[in-house]
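Single-structure report; data block below.
The values are calculated or read from the model by the stated rules, or taken from the named source; none is laboratory data. Not measured: the values here are computed from a predicted model. So basically every Cβ, Gly included, is an ideal-geometry build from the backbone, and we count neighbours across all protein chains shown.
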């Protein structure tokens, strides 16, 4: 069972992907964390660079594995590079790991290897851009062990119950065929991505269908895909989603507040969720001590 945080806990901030390109946003995020009463440990991350990474592979891997000893690890930012660490088969432990975008490769690997604690949600460099409700949701998850329902746009009616997985669509497709992608059977799967051309999204949907990865999923959802939001693109995407996945015969929802746009609702992996596509809601039942 996962442990809730309390004031005075020391948490780790790590940079497993690209180097930090906006130190001000990074420092603003740290202030939010400190205001929650948490002690922050990080290894001078804004000054660390290795090509377009925040450090060489071994530096980032050792940092990742060391951080697993704390209750909470928050990733600084995304970009590219986290997937390279999977080639070293990180040692995972049951502790909270928070991030999104490129960090999804770590979240998916952690969960696929049987370790709890993966959270798809804001990173240090995006925390100060989040609205109050999203920050409160994250704090409630970490300290109190609950999150409120979120709403989306139902595309195919029905109800689904199952463990929840949230992932970047591109990262998911990159991990197909590896042992770092969990079984989707019996799960509610939520995808998000950012400003991909619709033909590329169509290509990834086709790849997912051909992989049969979603054939035993019980529900499927989609978060933010465009920033800024574009109603015409969203309508086209909704039509593409229905065309691509209606034959699965499961509830489908779109436009959930999850992803790269501010208002990135945190969602923990592996907890029981309920997708209500009659009302357009997603709920999560969290059990932590």
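Scanning region 240-252 for residues that are touching a residue at least 40 places away in the same chain (Cβ under 8 Å) and either under 19 Å from residue 134 (Cβ atoms) or assigned to a loop (DSSP other than H, G, I, E, B) (or both) returns 250, 251.
Please go through region 256-280 and pick out each residue that is in a strand (DSSP E or B) and surrounded by fewer than 17 Cβ atoms within 10 Å (Cβ to Cβ). Passing the criteria: only 272. Among the residues of region 253-286, those that are closer than 14 Å to residue 164 by Cα and either without any contact (Cβ under 8 Å) to a residue 24 or more places away in the chain or more than 19 Å from the chain's Cα centre (by Cα) (or both) comprise 276, 285.
Before we move on, is residue 227 exposed (fewer than 15 other Cβ atoms within 10 Å of the Cβ) and in contact with a strand residue (DSSP E or B) (Cβ under 8 Å, 6 or more places away or on another chain)?
Working: exposed (fewer than 15 other Cβ atoms within 10 Å of the Cβ): yes; in contact with a strand residue (DSSP E or B) (Cβ under 8 Å, 6 or more places away or on another chain): no.
The answer is no for residue 227.
Selection over region 159-177 of residues that are closer than 27 Å to residue 287 by Cβ and surrounded by fewer than 16 Cβ atoms within 10 Å (Cβ to Cβ) gives a count of 2.
Of the residues 105, 101, which is more than 16 Å from residue 262 (Cα to Cα), surrounded by 24 or more Cβ atoms within 10 Å (Cβ to Cβ) and under 12 Å from the mean Cα position of the chain (by Cα)? Spell out the reasoning first.
Numbers: 101 fails: more than 16 Å from residue 262 (Cα to Cα).
Unique residue meeting the criteria: 105.
Could you identify the single residue in 235, 253, 220 that is surrounded by fewer than 17 Cβ atoms within 10 Å (Cβ to Cβ) and modelled with pLDDT of 95 or more? Outline the logic, then answer.
Details: 253 fails: surrounded by fewer than 17 Cβ atoms within 10 Å (Cβ to Cβ); 220 fails: surrounded by fewer than 17 Cβ atoms within 10 Å (Cβ to Cβ).
The unique qualifying residue is 235.
Name the single residue that is surrounded by the fewest Cβ atoms within 10 Å (Cβ to Cβ) among those in region 240-250 being farther than 20 Å from residue 228 by Cα and out of contact with any strand residue (DSSP E or B) (no Cβ under 9 Å at 6 or more places or on another chain). Only one residue tops the list, namely 247. All conditions but one from (1) under 23 Å from residue 99 (Cα atoms); (2) buried (at least 18 other Cβ atoms within 10 Å of the Cβ); (3) in contact (Cβ under 8 Å) with a residue 40 or more places away in the chain apply to residue 191; the one that does not is (3). Among the listed residues 83, 105, 128, 76, which satisfies the condition of being in contact with a strand residue (DSSP E or B) (Cβ under 7 Å, 6 or more places away or on another chain) and over 15 Å from residue 265 (Cβ atoms)? Matching residue, one of 83, 105, 128, 76: 76. If you go through region 122-143 and keep only what is touching a helix residue (DSSP H, G or I) at 6+ places or on another chain (Cβ under 6 Å) and closer than 21 Å to residue 4 by Cβ, you end up with 124, 127.
For first residues located in region 122-141 and buried (at least 23 other Cβ atoms within 10 Å of the Cβ), partners that are at pLDDT below 95 and lie 6+ apart or on another chain with Cβ distances below 7 Å form the pairs 141/286.
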